[in-house]
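Input: a single structure, listed below in structure tokens.
The values are calculated or read from the model by the stated rules, or taken from the named source; none is laboratory data. All values derive from a computational prediction rather than experimental measurement. Note: ideal-geometry Cβ built from the backbone for every residue, glycine included; neighbour counts use all protein chains shown.
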Amino acid sequence: MAQAAATTSVAAPTPAPPDVPAPRRVYSGTELVRALDDHGQRPTVLIFGAKRCRACRLVQPQMERLTTKAGANFLFVYHDVATNGVFAEHEVTQTPTVHVYNAAGALVDRSVYSTADLPRFSSVLGGAFSAS
């Protein structure tokens with residue numbers, strides 16, 4: 001008796017909307033200011049993290065995918081000697097601290113996120129597109 005082979009369909013990844021810049025790491029305060037000023041009239045997600053931060057390593061790739069899929073900019077800064085001043089200037093005391101800016105460049109959310117908070121992050125990101 002022959003059994004029919006079960007077929008599973010796997011959805012192809014959704015491509016990023018056109019002209020969405022690639023995610024980028026920022027290495028200095030000057031570079032961060034330039035990146036935030038050059039947002040291309042789209043929301044921007046900025047993650048302050050650390051290489052040794054387990055939560056950062058778990059949440060960053062997921063936020064990166066959600067951000068790119070939505071058509072927003074994605075920036076990240078890792079804590080080290082060179083970026084210590086950037087963390088101090090933005091009063092970052094925990095990682096991963098996430099800033100979400102709307103298309104006008106205004107800060108609309110500043111939170112410490114975990115993977116359990118991704119649904120809330122998606123909601124905040126969606127709101128950044130409508131808030132100007």
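Quick rundown of the values:
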| quantity | calculated |
| --- | --- |
| Condition check for Asp80: out of contact with any His (no Cβ under 6 Å at 6 or more places or on another chain) and modelled with pLDDT of 95 or more | no |
| Elements of type helices (runs of 4 or more DSSP H) in the range 51-132, at least 3 residues being surrounded by 14 or more Cβ atoms within 10 Å (Cβ to Cβ) | 54-70, 118-130 |
| Top-ranked residue of the range 62-95 - restricted to ones that are at negative phi and among the small types (Gly, Ala, Ser), ranked as nearest to the chain's Cα centre (by Cα) | Ala72 |
| Residue check for Gly105: at pLDDT below 95, closer than 25 Å to Gln41 by Cβ and touching a His at 6+ places or on another chain (Cβ under 9 Å) | yes |
| Selection from the range 76-113 of residues that are without any contact (Cβ under 8 Å) to a residue 12 or more places away in the chain and closer than 21 Å to Gly127 by Cβ | Leu107 |
| The one condition in (1) surrounded by 19 or more Cβ atoms within 10 Å (Cβ to Cβ); (2) out of contact with any Leu (no Cβ under 6 Å at 6 or more places or on another chain); (3) without any contact (Cβ under 8 Å) to a residue 60 or more places away in the chain that Val45 fails to fulfil | (3) |
